[in-house]
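Data block below; observations after.
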Amino acid sequence: MKLASLKGGRDGRLVVVSNDLAWYSPADRIALSLQAALDDWGRCEPELRGLAESLEHGSVPKARFHEHDAASPLPRAYQWADGSAYVNHVALVRQARAADMPDSFWTDPLMYQGGSDGFLGPRDPIPLADPAWGCDLEGEIAVVTGDVPLGASRETALAAIRLVMLCNDVSLRNLIPGELAKGFGFFQSKPASAFSPVAVTPDALPGWKDGKLHGKLEVSLNDTPLGEADAGVDMTFDFGTLVAHAAKTRALSAGTIVGSGTVSNRGPDGGPGKPIADGGVGYSCLAEVRTIETIQHGAPKTPFLKAGDRVRIEMVDARRHTIFGAIEQEVAAP
């Protein structure tokens, strides 16, 4: 089942979307918003699935689904917690700034709590007031949970995952070191993120297995391929583990979003991956590109994002049909 929120009001208007993303049917008779559906999932899920089946059979009113009309599936959320499940990415980024990485990073997930009071739509511009802040894209996978009890096990947490999405977790790289030096985490360096036009239930994803989404996450910049890393490879912590980590000391409310962190694959030799042009799978963020350049040449040469740059993040199936729709954003001065 695929769900989306059409733009309109702070929480959007919930619709069910066809498997090919060509059509939608309003779901307002079931729930006005996705958050309302998540709050009453036991009642709403079977009704939404029934509507989705009727939409596929053409037996309910429908209209053309246009991705540019969609907000992020949850235009705002009660909680947005982003992990770093691909420890390879963490190791590379820390290496570039000559920071040691504790061994515990391989066994205990990193996670920060981001701003969730408003997300960018999948086709909304990325506002950038100052290019000197070092604006970067981050291609990620994210899940939306139902209620998760305090101290939930991995299995309980995994069963609480309701939906899966793609994410562009925008980062202001040049503000991060100063914030981390204060010892109090990210804030200004993590502006609004964007999510894919549709959110998909795990059972509708052939690549979903053991809490991981297997498949190439295609990332491009200015129409040039940047990365095609497999999201199911080199993922040190699966989503069950990440959600359980978030729930260790607090219960999670329905509508909590948990991110994977930047999708990152090692090279065949276990070292840093190569660019697509050199036969590798590339990178899901510019920080990794710059890290490789620093390791190989002593300094980065690829600039961070500037006004006019265009970012695209998408995942397709075996027939090259889009699964979640595409995040397509242009960087713009506010």
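The values are calculated or read from the model by the stated rules, or taken from the named source; none is laboratory data. Nothing here was measured: the structure is a model prediction, and the numbers come from that model. Virtual Cβ from ideal backbone geometry, glycine too; neighbours counted across all protein chains shown. For the accessible areas, the whole protein counts, side chains as well, though only heavy atoms, and no ligand, DNA or RNA atoms are used. Shrake-Rupley method; radii C 1.70, N 1.55, O 1.52, S 1.80 Å.
So here's what we get for this one:
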read-out: Output for the range 249-269, where each listed residue is more than 23 Å from residue 74 (Cβ to Cβ), in contact (Cβ under 8 Å) with a residue 24 or more places away in the chain and open to solvent by 20 Å² or more (accessible area, probe 1.4 Å); value: 249, 266
read-out: Which numbered condition residue 272 fails, given (1) open to solvent by less than 30 Å² (accessible area, probe 1.4 Å); (2) modelled with pLDDT under 95; value: (1)
read-out: Any chance residue 143 is among the aliphatic types (A, V, I, L, M), under 20 Å from residue 87 (Cβ atoms) and surrounded by 20 or more Cβ atoms within 10 Å (Cβ to Cβ); value: yes
read-out: Filter result (in contact (Cβ under 8 Å) with a residue 40 or more places away in the chain, assigned to a loop (DSSP other than H, G, I, E, B) and open to solvent by 10 Å² or more (accessible area, probe 1.4 Å)) within the range 208-234; value: 215, 222, 223, 234
read-out: Test result for residue 123, open to solvent by 40 Å² or more (accessible area, probe 1.4 Å), of a type in the set (Lys, Arg) and in contact with an Asp or Glu (Cβ under 7 Å, 6 or more places away or on another chain); value: yes
read-out: Sole exception among (1) over 29 Å from residue 252 (Cα atoms); (2) at pLDDT below 95; (3) not in a loop (DSSP other than H, G, I, E, B) for residue 132, by number; value: (2)
read-out: Strands (runs of 3 or more DSSP E) within the range 1-117 that include 1 or more residues open to solvent by less than 40 Å² (accessible area, probe 1.4 Å), touching a strand residue (DSSP E or B) at 6+ places or on another chain (Cβ under 7 Å) and not aliphatic (A, V, I, L, M); value: 2-6, 23-26, 79-83, 111-114
read-out: Residue 13 being of a type in the set (Lys, Arg) and within 24 Å of the chain's Cα centre (by Cα); value: yes
read-out: Matching residues in the range 151-172 - criterion: being open to solvent by 10 Å² or more (accessible area, probe 1.4 Å), closer than 15 Å to residue 79 by Cβ and in contact with a Ser or Thr (Cβ under 7 Å, 6 or more places away or on another chain); value: 161, 162
read-out: Within the range 157-207, tally of residues that are assigned to a strand (DSSP E or B) and touching a residue at least 40 places away in the same chain (Cβ under 8 Å); value: 13
read-out: Count - residues of the range 7-41 that are in contact with a Gly (Cβ under 6 Å, 6 or more places away or on another chain) and more than 21 Å from residue 80 (Cβ to Cβ); value: 1
read-out: Matching residues in the range 84-113 - criterion: being of a type outside the set (A, V, I, L, M), under 19 Å from residue 304 (Cβ atoms) and touching a residue at least 40 places away in the same chain (Cβ under 8 Å); value: 89, 95, 97
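Okay, residues lined up against (1) of a type in the set (Gly, Ala, Ser); (2) more than 17 Å from residue 334 (Cα to Cα); (3) out of contact with any helix residue (DSSP H, G or I) (no Cβ under 8 Å at 6 or more places or on another chain):
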position	(1), (2), (3)
103	no, yes, yes
109	no, yes, no
120	no, no, yes
129	yes, no, yes
133	no, no, no
144	no, yes, no
147	no, yes, yes
152	yes, yes, no
